[in-house]
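The values are calculated or read from the model by the stated rules, or taken from the named source; none is laboratory data. All figures in this text were calculated on a predicted structure; none of them were measured in a lab. Positions of Cβ are generated from backbone atoms using ideal geometry, with glycine treated the same way; all protein chains shown enter the neighbour counts. The protein model used for the area step is the full one, side chains on, heavy atoms only, and it has no ligands, DNA or RNA in it. Shrake-Rupley method; radii C 1.70, N 1.55, O 1.52, S 1.80 Å.
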Amino acid sequence: MSDNEPVTTDKLPQHIAIIMDGNGRWAQARGKKRVFGHKAGMERAREMAETCGELGVKFLTLFAFSSENWNRPAEEVSFLMDLFATSLKNESKKLNKNNVKLKVIGDKAGFDKGLQKAIDKAEALTADNDGLTLNIAANYGGRWDIMQASQQLLTSGRELTEANLVKYLATGTAPEPDLLIRTGGEKRISNFLLWQAAYSELYFSDVLWPDFDGEQLKLALADYAQRQRRFGKTGEQVTG
Ligand code: IPE
Ligand code: IPE
Ligand code: MG
């Protein structure tokens, strides 16, 4: 956080999910190439993980690369893959020191072998940590997730129930996100956590991701703390 004001913890979300959007526009507004924004966005993601860890958030899921992002110009895709690989290599020691458990959720088979190895290594290094769980959603799509979970359930021969299906979703044992933030001004889900976000509180910010700092997170948390989560019940039932 950029100042010392404490955030109220009584209504702190356990799980925050973020669609980190607006990197390209952030760079273009500065007369730079889009990839410059991805670099700045990566720095911001690292900072966000640190802040969430400090606040006591248990799960942070960051949408870094969607199944549809492969359709971008080859040069941008390849920059993003390189940035991902370099960041894994450079950051995993620090994450480990900070007791962060890193997981990459998404179709890892879509990455080249070197990147797959770097992912496995970072996940193995941090597997026993019990601080923040940091899920990086890469080559992730909500439809893919539901399909791969269904496939696994089918193979297991278990009964088709919601509880059984959920066990196979990429987010694993994490609770569903309490708060889903999208930066960059668009108001859509873009195939993010389609199943898991069924009852998430949505927060849309016009701020472009590289500018979404601790102050901005604080605004989102304050907004979240005001919400009444009803899960289909009446307000009276919820306040008891
Ligand atoms: C989000 O920023 C990062 C990725 C999707 C990889 P964008 O690259 O989508 O930035 P804008 O939306 O074009 O500004
Ligand atoms: C969503 O952003 C994916 C990520 C932030 C990784 P996009 O920029 O790809 O979403 P659309 O295309 O505007 O819906
Ligand atoms: Mg975008």
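Among residues of the range 11-38 that are open to solvent by 10 Å² or more (accessible area, probe 1.4 Å), those with a beta-carbon under 6 Å from a residue that is part of a loop (DSSP other than H, G, I, E, B) and near ligand 1 (Cβ under 6 Å from one of its atoms) at least six positions away or on a different chain give the pairs D21/G184.
Just to be sure before I move on: is P175 buried (at least 20 other Cβ atoms within 10 Å of the Cβ) and either at pLDDT 95 or above or within 16 Å of ligand 1 (Cβ to nearest atom) (or both) in the structure I sent?
Numbers: buried (at least 20 other Cβ atoms within 10 Å of the Cβ): no; either at pLDDT 95 or above or within 16 Å of ligand 1 (Cβ to nearest atom) (or both): yes.
Taking the combined requirement at face value, the residue does not satisfy it.
Condition test on E159, is it acidic (D, E) and surrounded by 16 or more Cβ atoms within 10 Å (Cβ to Cβ)? Break it down stepwise before answering.
Details: acidic (D, E): yes; surrounded by 16 or more Cβ atoms within 10 Å (Cβ to Cβ): no.
Spelling it out, it is not the case that E159 is acidic (D, E) and surrounded by 16 or more Cβ atoms within 10 Å (Cβ to Cβ).
Give the residue that is most open to solvent (accessible area, probe 1.4 Å), with candidates limited to residues of the range 117-139 that are without any contact (Cβ under 8 Å) to a residue 24 or more places away in the chain and within 19 Å of the chain's Cα centre (by Cα). Among residues in the range 117-139 that are without any contact (Cβ under 8 Å) to a residue 24 or more places away in the chain and within 19 Å of the chain's Cα centre (by Cα), the one most open to solvent (accessible area, probe 1.4 Å) is D120. For the range 58-86, a tally of residues being polar (S, T, N, Q) and either open to solvent by less than 20 Å² (accessible area, probe 1.4 Å) or more than 21 Å from E43 (Cβ to Cβ) (or both) returns 4. Residues that are open to solvent by less than 50 Å² (accessible area, probe 1.4 Å) and closer than 22 Å to K39 by Cβ: does the range 220-233 have at least one? Taking every residue of the range 220-233 in turn, none turns out to be open to solvent by less than 50 Å² (accessible area, probe 1.4 Å) and closer than 22 Å to K39 by Cβ. Among residues of the range 52-70 that are under 16 Å from L179 (Cβ atoms) and in a loop (DSSP other than H, G, I, E, B), those with a beta-carbon under 7 Å from a residue that is modelled with pLDDT under 95 and open to solvent by 30 Å² or more (accessible area, probe 1.4 Å) at least six positions away or on a different chain give the pairs G56/T9.
Determine if the range 120-135 includes at least one residue that is in a helix (DSSP H, G or I), closer than 18 Å to A17 by Cα and basic (K, R).
Here is the first cut: in the range 120-135, the residues in a helix (DSSP H, G or I) are 120-126.
With the extra rule that they be closer than 18 Å to A17 by Cα, the set shrinks to none.
Checked against the condition, which is being in a helix (DSSP H, G or I), closer than 18 Å to A17 by Cα and basic (K, R), the range 120-135 yields no hits at all.
Summed over the range 140-156, residues that are open to solvent by 40 Å² or more (accessible area, probe 1.4 Å) and either in contact with a strand residue (DSSP E or B) (Cβ under 7 Å, 6 or more places away or on another chain) or assigned to a strand (DSSP E or B) (or both) total 0.
Scanning the range 59-85 for residues that are over 21 Å from L219 (Cβ atoms) and in contact with a His (Cβ under 9 Å, 6 or more places away or on another chain) turns up E76, F79, L80, L83. Number of residues in the range 185-219 that are assigned to a loop (DSSP other than H, G, I, E, B) and surrounded by fewer than 16 Cβ atoms within 10 Å (Cβ to Cβ): the value is 10.
Confirm whether A124 is more than 16 Å from ligand 1 (Cβ to nearest atom) and of a type outside the set (V, I, T). Steps first, answer last, please.
Values: more than 16 Å from ligand 1 (Cβ to nearest atom): yes; of a type outside the set (V, I, T): yes.
Criteria met by A124.
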